[in-house]
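The structure appears right after this line, and notes come after that.
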Amino acid sequence: MKMQPVINVKNLSHYYGKGDLKKQVLFGVSLEIYSGEIVLMTGPSGSGKTTLLTLVGALRSGQEGSLKVLGKEMCGAREDDMVDVRRHIGYIFQAHNLLKSLTAIQNVQMALELHDYSKQERREKAAQMLTAVGLANRMDYYPENLSGGQKQRVAIARALVSSPKIVLADEPTAALDSKSGQEVVEIMRKLAKDFGCTILLVTHDDRILHVADRIVHMEDGRLSADKTHQKVPVSTVPQSRPIIS
Amino acid sequence: MFDKIPLAWLQLTREKIRLVVAVAGITFADTLMFMQLGFQDALFDSSTRMHQNLNGDLVLISPKSEALIAMQTFSWRRLYQTLAVPGVESVNPLYMGLIGWKNPETKRDRQILVVGFDPKQSVFTMPEVEASIPKIKLPDVVIFDRSARPEFGPVAPQIEAGKTVTTEVGGRRVYVKGLFSLGASFAADGNIITSDLNFLRIFNRRKKGEIDAGIIYLKPGADREKVLADIKALLPDDVKVLTREGFIEFEKTYWRESTAIGFIFGLGVAMGFIVGIVIVYQIIYTDVADHLSEYATLKAMGYKNAYFYLVVFQEAFLLAILGYLPGVPIVMVLYNLTKNATMLPVAMTASRALTVLILTIVMCFISGSIAVRKLQEADPADIF
């Protein structure tokens with residue numbers, strides 16, 4: 001059985017700046033991620049991790065090479081196509097980026113308003129998801145009245161509530177203490193398995209590496225398998241091998 | 001669309017203090033516009049109050065006349081000539097002039113508008129003038145405008161108490177024996193009415209045959225337009241014949257076009273408008289700047305630019321309405337204060353309320369469309 005990768009990156013290069021100031025940040029990166037995989041990306045600051053994440057998330061248009069997300073080519077894609085792909089991706093940021101003027105449940109509902117649900121369904125789904133992340137009694141709280149871990153859990157609920165096919169996370173535990181960090185990744189792992197979505201997670205945090213099916217390492221804009229974590233249980237998904245550029 | 005989360009409303013109301021400041025700013029701008037428009041309308045109203053209370057059908061004036069305070073005289077022969085036109089029943093000459101009135105208490109002089117006419121009939125619709133006709137037939141007797149500014153002295157209370165007030169007008173001793181109500185205008189702070197002969201006694205350099213205006217009365221059932229055309233055909237170009245409405249319009253045109261006043265009030269309105277734009281722009285710009293990372297997050301989730309434009313314009317519209325509503329009662333109080341202090345007929349009208357409402361909405365939308373440019377800085381690629 002041959003599976004189509006959900007994310008298929010081939011020989012992707014990316015540059016910032018123009019003319020003399022042009023600087024290459026990604027050098028022919030290739031990566032395939034299949035449905036249901038949890039892939040962690042590590043690497044030092046400035047290695048290009050976030051750039052790759054924003055490209056995969058259709059937040060930036062690709063320049064050179066090929067980048068297929070959910071079967072759609074994102075290199076040279078139009079804004080409308082990019083917006084379309086974004087609606088199938090859930091994002092979890094280092095800063096939770098919740099809307100301050102909205103309550104927890106309203107924040108989660110914002111993710112559902114882009115999809116065809118009735119008002120009733122939106123409210124129910126948002127409440128279910130907040131219950132799933134353990135915030136059933138905090139639904140009508142404003143973000144300023146929630147702790148860091150609680151805010152991050154609201155952000156996770158928001159990212160997952162519309163059942164996205166892909167979840168992209170950038171250091172979701174960086175601002176959290178060890179215990180909340182563990183809780184947060186555990187929730188992510190469990191929900192990802194329940195909903196069958198693919199997770200690409202950028203992290204510096206050694207404490208959460210165990211959730212990964214596979215770990216890749218970015219250094220100087222090049223991607224490699226992370227040798228130090230080969231012991232990590234390899235996923236059940238076929239062909240889940242790192243592709244070395 | 002209405003079952004969605006009202007983000008614009010929630011964002012505006014979340015920052016209570018900022019909202020209050022914004023609403024106060026818009027209310028201020030609205031008040032400014034209301035006051036300027038109110039003053040302007042009051043000017044036009046007050047300057048034509050005399051005209052509105054004339055009871056004739058047609059008015060004859062000199063073509064060189066510009067306004068009530070800048071009348072040129074013409075020969076009354078022209079007025080009596082119109083009696084030859086079929087449909088004209090009678091005529092009455094009108095004399096007008098500004099001259100010093102001595103305050104009976106403080107003895108200070110102040111300019112007052114004196115109107116004189118042939119007392120065989122009243123040229124004014126006010127019943128009090130009608131009733132005072134026998135009085136002003138007497139030499140040196142005048143009737144006084146009780147709505148005149150207080151600087152003319154406490155005349156009205158004494159007359160009402162049954163006394164006669166004696167003072168000097170243009171250096172001539174006169175006796176005030178009656179009252180009427182007309183009100184101050186930008187042109188004259190007060191008015192007195194008397195007979196043509198008394199007028200000429202006060203203005204002793206004026207000649208009887210040289211009048212400021214002529215009032216023409218038509219026979220019942222006469223065709224006003226036809227008589228107007230006939231008089232125009234009969235008389236040479238040294239006089240101008242107008243309907244009563246034309247006479248009112250003539251006065252308004254002068255104030256609107258030949259003085260700086262219309263421009264000044266127009267400028268006042270424009271200033272209120274611009275102050276409003278600046279305030280609303282500041283508020284919306286700050287609001288967008290504060291929520292930039294949130295908007296970028298929403299963009300990353302797949303919200304399109306149109307959504308954010310909608311949020312900004314909804315905020316602009318909400319601010320316009322919220323700022324306008326308290327403005328109306330505040331302005332009504334201010335109008336009342338102005339009316340009592342100036343005797344000018346300032347009052348809220350439905351058309352002005354609507355004008356300012358529309359101006360406010362336009363003002364907020366202009367601010368909104370300047371502030372939306374800030375939205376372009378919400379780049380979803382920057383938030384990771």
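The values are calculated or read from the model by the stated rules, or taken from the named source; none is laboratory data. Note that the structure is a prediction, hence the values are computed from the model and not measured. With ideal geometry, Cβ positions are generated from the backbone for all residues, glycine too; neighbour counts draw on all protein chains shown. Each accessible area value is taken on the protein alone, full model and side chains, heavy atoms only, with ligands, DNA and RNA left out. Shrake-Rupley method; radii C 1.70, N 1.55, O 1.52, S 1.80 Å.
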Could you give me the percent of Cα pairs per 10 Å distance bin for segment B:1-160, shortest bin first, beginning at zero and ending with the bin that holds the maximum distance?
8, 23, 25, 14, 9, 9, 9, 3, 0
If I require 24 Å or longer along the helix axis, counting alpha carbons, and a Kyte-Doolittle average no lower than -0.5, what helices from chain B are left? Use full DSSP H segments.
B:16-47, B:261-290, B:305-342, B:350-371
log₁₀ I(q)/I(0) of the protein assembly as shown at q = 0.08 Å⁻¹, via Debye over equal Cα point scatterers, no solvent, to two decimals?
-0.70
Can you give me the Kirkwood hydrodynamic radius for segment A:1-110, using every pair of distinct Cα atoms, in Å to one decimal?
15.6 Å
Compute the Rg/Rh shape ratio of segment B:31-124: radius of gyration over Kirkwood radius, all on alpha-carbon atoms.
1.07
Using a Gaussian network model on chain A with a 10 Å cutoff between Cα atoms, which of A:T42, A:T203, A:T131 fluctuates the most?
A:T131
Contact order relative to length for chain B, counting C-alpha pairs under 8 Å separated by 6 or more residues, stands in percent at 27 percent
Just need the relative contact order of segment B:63-238 here, percent rounded to a whole number, with Cα pairs under 8 Å and 6+ apart.
33 percent
If you wrap a convex hull around the Cα atoms of segment B:186-283, how much volume per residue is inside, in Å³?
217 Å³
So for segment B:63-238, what are the equivalent ellipsoid semi-axes in whole Å, largest first, each being the square root of 5 times an eigenvalue of the Cα gyration tensor?
32, 17, 14
Segment B:84-115 scanned against label point 7 Å out from B:S258 along Cα→C-beta; backbone N under 18 Å for B:95-98
Using the reciprocal of the averaged 1/r over all distinct C-alpha pairs, how large is the Kirkwood radius of segment B:115-163 in Å?
12.0 Å
Per 0.36 nm of contour for each residue apart, how much would the distance between B:T243 and B:T349 grow if the chain were fully extended, relative to their Cα-Cα spacing?
35.5 nm
Order these peptides, B:326-334, B:27-35, by their mean beta-carbon neighbour count within 10 angstrom, highest first.
B:27-35, B:326-334
How much of the DSSP bridge set in chain A is antiparallel, in percent, rounded to the nearest 5?
50 percent
Separation of alpha-carbon centers, segment A:8-68 and segment A:100-139, rounded to whole Å:
32 Å
Set of aspartates and glutamates near B:K16 by C-alpha distance (under 17 Å), chain-local residues within fewer than 8 positions excluded:
A:E144, B:D287, B:D290, B:E315
Go through A:H96, B:H51 and list them by solvent-accessible area, largest first, probe radius 1.4 Å.
A:H96, B:H51
Near the amide H of B:S185, under 5 Å away, which other amide H atoms are found, from residues 5 or more places off or on another chain, if H is placed in the peptide plane?
B:G190
Counting all C-alpha pairs of chain A, share separated by more than 28 Å (%):
32 percent
Which whole-angstrom value gives the distance between the alpha carbon centres of segment B:107-144 and segment B:1-34?
55 Å
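What order do A:D84, A:D205, A:D194 take when sorted by accessible area (1.4 Å probe), most exposed first?
A:D194, A:D84, A:D205
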Take the residue pairs A:K49/A:K151; B:K135/B:K163; B:K102/B:K177; B:K219/B:K240; A:K125/B:K304 and return only those whose Cα atoms are more than 18 Å apart.
A:K49/A:K151; B:K219/B:K240; A:K125/B:K304
Percentage of Cα-Cα pair distances in chain B greater than 34 Å, rounded to whole percent?
48 percent
Can you compute log10 of I(q)/I(0) for segment A:65-126 with the Debye formula, treating each Cα as one identical point scatterer, at q = 0.11, 0.19, 0.24 Å⁻¹?
-0.36, -0.86, -1.03
In angstroms, what radius of gyration and Dmax does segment B:180-226 have, counting Cα atoms only?
15.4, 40
Just to verify a number: what accessible area does B:W76 come out at with the full protein assembly present, 1.4 Å probe, Å² rounded to tens?
70 Å²
Would you list which aspartates and glutamates come within 16 Å of A:K190, measuring only between C-alpha atoms, while excluding same-chain residues fewer than 8 positions from it?
A:E37, A:D213
quick note, the protein assembly as shown, DSSP beta bridge pairs, % antiparallel (nearest 5) is 65 percent
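According to the square roots a ≥ b ≥ c of the eigenvalues of the Cα gyration tensor, what is the shape class of segment A:119-201, taking rounded for a/c under 1.5, prolate for a/b larger than b/c otherwise, and oblate for the remainder?
Values: a/c = 1.90, a/b = 1.05, b/c = 1.80.
Oblate.
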Counting only the heavy atoms of the protein chains, how much of A:E79 is accessible to a 1.4 Å probe, in Å² to the nearest 10?
100 Å²
Residues in segment B:98-128, backbone N under 18 Å from the label point at B:R172 (7 Å along the Cα-to-beta-carbon vector): list them, ranges by number please.
B:98-103, B:110-120
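Work the Kirkwood hydrodynamic radius out for segment A:91-130: mean of 1/r over every pair of different alpha-carbon atoms, inverted, in Å.
10.7 Å
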